[in-house]
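The values are calculated or read from the model by the stated rules, or taken from the named source; none is laboratory data. Quantities reported herein were computed from a predicted structural model and do not represent experimental measurements. Heads up, the Cβs are rebuilt from the backbone with ideal geometry, glycines too, and the neighbour counts pull from every protein chain shown.
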Amino acid sequence: MKILFIGGTGIISSACSQRCIERGYTLYLLNRGQSFRPLPEGAIHLKADINDAQAVRTILEKYEFDVIVNWIVFHPDQAERDISYFSGKCRQYVFISSASAYQTPPQRLPVTESTPLNNPFCEYSRNKIACEELLIKAYRESGFPVTIVRPSHTYDKTAVPLLGGYMALARIQKGKPIIIHGDGTSLWVMTHHRDFAKGFVGLLGNPNVIGEAFHITSDEVLCWNQIAAMFASELRTELKIAHVTSDILASYSEDWYGSLLGDKTHSMIFDNSKIKSVVPDFKAEIPFHLGVKEIIEWYNAHSDKQVTDHKTDKLMDEIIKKHS
């Protein structure tokens, strides 16, 4: 297969790029070439900004692809652009949506692909829903060959999933308390990007998944207290947690408002029967405690990424003193 990834060097897409190469596919990556993650050996780089319409049309006019995946569509205008760009240019177009588009909070668990799409708390999620609606309309009306994929919380060795990112890791190492929303018992699913790639690449080139939507997640379910405890255990450090309600945290930051009230505050468990029925060899095999080990080893080896955000650190101290 000839596959085009728009992006291809992000947290999720980097593992999918590598798996495509390992499967022997011809992979093109169209991006600006600015990621600190290297291009996978064997991929063909097409250097351009997807938002530069003329440059993209000039570069792509001589190519046709079996599959096009755009990893960086976040707004309906971008979905409309891709329908215009790629109609008649591929046999399958994959839109990367988000599991945060599902009904929030969900009325019932586990979440399936038929769970309603409705997130009143997060503009990012509402934009993803609007993109899905446009693309499905194009599929129904003109046969635009879309497949929708909804990743949940997918991580790699560079991504600390705790509030504050690397700052939380630094605080644990210093013996300072970290903030966990609520009482830390809401349930969550962490999916390693290499596990996600197994299911994702298995969808590419499959004509039976056109017009369909899939989420791809691990089956391991953890609470946020457990997630934090795994980092402290790997660091061989006592864990100190300050529990603060999500409503209070959301009042301090617009980003926290969307990521907490629109996502992490609510327990989310996923039924992966659909992806497993289409990609029979898909199985998430990397438990999160091994992912934690990878994250800590990576930061220990990259001192330049150990950036102390003094503003966030101070804000956390203030919140803990006032609210925990």
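The rows are residues; the columns are (1) in contact with a Gly (Cβ under 6 Å, 6 or more places away or on another chain); (2) buried (at least 23 other Cβ atoms within 10 Å of the Cβ); (3) in contact (Cβ under 8 Å) with a residue 24 or more places away in the chain.
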| position | (1), (2), (3) |
| --- | --- |
| G164 | no, no, yes |
| Q173 | no, no, yes |
| D183 | no, no, yes |
| R194 | no, no, yes |
| L203 | no, no, yes |
| V209 | no, yes, yes |
| I216 | yes, yes, yes |
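So, Y28, is that one in contact (Cβ under 8 Å) with a residue 12 or more places away in the chain, aromatic (F, W, Y), assigned by TED's automatic domain parsing to the domain that holds Y139 and not in a loop (DSSP other than H, G, I, E, B) or not? Yes: the conditions hold for Y28.
Counting only residues that are surrounded by fewer than 18 Cβ atoms within 10 Å (Cβ to Cβ) and either among the β-branched types (V, I, T) or touching a Lys or Arg at 6+ places or on another chain (Cβ under 6 Å) (or both), region 38-63 holds 4 of them. Considering only residues that are without any contact (Cβ under 8 Å) to a residue 40 or more places away in the chain, assigned to a helix (DSSP H, G or I) and surrounded by fewer than 22 Cβ atoms within 10 Å (Cβ to Cβ), which ones fall in region 16-25? Matches in region 16-25: I21, E22. Within region 1-15, residues that are at pLDDT 95 or above reach partners that are basic (K, R) with beta carbons closer than 6 Å, at six or more positions or on different chains, in the pairs S14/R37; A15/R194.
Answer yes or no: is there a residue in region 243-254 that is of a type outside the set (A, V, I, L, M, F, W, C), in contact with a strand residue (DSSP E or B) (Cβ under 6 Å, 6 or more places away or on another chain) and under 22 Å from V160 (Cβ atoms). There is at least one residue in region 243-254 that is of a type outside the set (A, V, I, L, M, F, W, C), in contact with a strand residue (DSSP E or B) (Cβ under 6 Å, 6 or more places away or on another chain) and under 22 Å from V160 (Cβ atoms). Residues in region 49-74 that are within 23 Å of the chain's Cα centre (by Cα) and part of a loop (DSSP other than H, G, I, E, B) were compared, and the one that is modelled with the lowest pLDDT is N51. Of the residues in region 248-265, at least one is assigned to a helix (DSSP H, G or I) and more than 24 Å from A101 (Cβ to Cβ).
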